[in-house]
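Everything below concerns the one structure shown next.
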Amino acid sequence: MAEAAAPLTARALIDSAARRFRRARLYYGHGTDNAVDEAAFLVLHGLGLPPDAGDALLDQALTAEARAAAEHLVQARLTRRCPAAYLTHRMWFAGHEFYVDERVLVPRSPLAELIHQQFVPWLAPGAVKRVLDIGTGSGCIALACALAFPAAEVDATDLSADALAVATINRARHALESRVRLIEADLFPADGGRYDLIVSNPPYVPATRMTDLPEEYLQEPAMALVSGEEGFNCVDGILARAAEHLTDDGVLVVEVGEIAEAVDERYAHLPLTWLEFEHGGEGVFVISREDLLGATGK
Ligand SMILES: C[S@@+](CC[C@H](N)C(=O)[O-])C[C@H]1O[C@@H](n2cnc3c(N)ncnc32)[C@H](O)[C@@H]1O
């Protein structure tokens, strides 16, 4: 009698998917940075298993139905070359889960680490009453700030009504309607007043660089990435007006990623402090209102 085929397991599916991802030279950077982690993210989601599934779950035999669901995601990742999160509609940021789809950037900002640390030593957490997140996308930064500062009111702006629709889903999921305002606005809200913390991960990719980006990035909304020829449009607007929207002890924290050096040169007259991250990422500066005003002599 023929021997029964070995039962297919999550582990075997992950190995097989990772091999195919490597052969297809997929690009990572939306939550994972290698083929095995990317395969695990998709396969475990397809199987309905937790992302931290242990050996027992990884090695248990799968039903044909579960296998088909996982394989469907793996195939979609290979053929569509889109970020995995657009297939699973979930991403974690600062320890919280968010809904995502093609209307928003996939959350991945190193600002998560600062939120986790409540922006210490730049702010005294107890003193944070009002926060503004500029360019909120999925709402991940605004909502994670609201969770990190449970007594604070958070405003979040975006120019994209589509992005705000996604942020609205996430605000409801985290039951933060009473403390987080989502506002369609160009950088600053018209009626915002002053904030103890203004935080932003604005678009900063130079338009000229867009053609160099891997396919995965081109599937994110262009307005979440591009900000003028050299990438400066949003950061210029934020730096020009932040002081008038900050409280006396307030601070501005902005991610500008790969254009950090160019921003530092352009704003050589400002004492920008560039941060280092334990868990990776770069191109984030902090500046206080006092230093913003000191530099402009106001
Ligand atoms: C890089 S994405 C960041 C999204 C989210 N904060 C995150 O970190 O995942 C930038 C966001 O800024 C928004 N945006 C672009 N220009 C803007 C502007 N002038 N005012 C407000 N938001 C803008 C885009 O629609 C996009 O959602």
For the list (1) within 29 Å of Gly294 (Cα to Cα); (2) without any contact (Cβ under 8 Å) to a residue 24 or more places away in the chain, I need the number of the one condition that Gly250 fails. (2)
Filter pass, Gly281 being among the small types (Gly, Ala, Ser) and touching a helix residue (DSSP H, G or I) at 6+ places or on another chain (Cβ under 9 Å): yes
Are any residues in the stretch 47-74 of a type outside the set (A, V, I, L, M, F, W, C) and under 22 Å from Leu105 (Cα atoms), and if so, which ones? Pro51
Which residues, counting only those in the stretch 90-124, are among the acidic types (Asp, Glu) and within 25 Å of Ser288 (Cα to Cα)? Glu113
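Condition check ((1) surrounded by 15 or more Cβ atoms within 10 Å (Cβ to Cβ); (2) at pLDDT below 95; (3) of a type in the set (D, E, K, R)) across all residues:
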| residue | (1), (2), (3) |
| --- | --- |
| Ile14 | yes, no, no |
| Tyr28 | yes, yes, no |
| Thr63 | no, yes, no |
| Val74 | yes, no, no |
| Tyr99 | yes, no, no |
| Leu114 | yes, no, no |
Restricting the stretch 116-144 to residues that are within 11 Å of the ligand (Cβ to nearest atom) and assigned to a helix (DSSP H, G or I), which is surrounded by the most Cβ atoms within 10 Å (Cβ to Cβ)? Cys140
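A quick yes/no check of all residues on (1) acidic (Asp, Glu); (2) outside any strand (DSSP E or B); (3) within 13 Å of the ligand (Cβ to nearest atom):
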{"site": "Ala69", "(1), (2), (3)": "no, yes, no"}
{"site": "His72", "(1), (2), (3)": "no, yes, no"}
{"site": "Gln75", "(1), (2), (3)": "no, yes, no"}
{"site": "Thr79", "(1), (2), (3)": "no, yes, no"}
{"site": "Glu102", "(1), (2), (3)": "yes, yes, yes"}
{"site": "Leu105", "(1), (2), (3)": "no, yes, yes"}
What are the residues in the stretch 42-65 that are among the small types (Gly, Ala, Ser) and part of a loop (DSSP other than H, G, I, E, B), if any? Gly48, Ala53, Gly54
Residues satisfying the stated conditions in the stretch 172-194, i.e. farther than 14 Å from Thr136 by Cβ and more than 21 Å from the chain's Cα centre (by Cα): Ser178, Ala190, Asp191, Gly193, Arg194
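The values are calculated or read from the model by the stated rules, or taken from the named source; none is laboratory data. What you see is a predicted model; the values in this text were computed from it and never measured. Note that each Cβ is placed from the backbone with ideal geometry, even for glycine, and that neighbours are counted across all protein chains shown.
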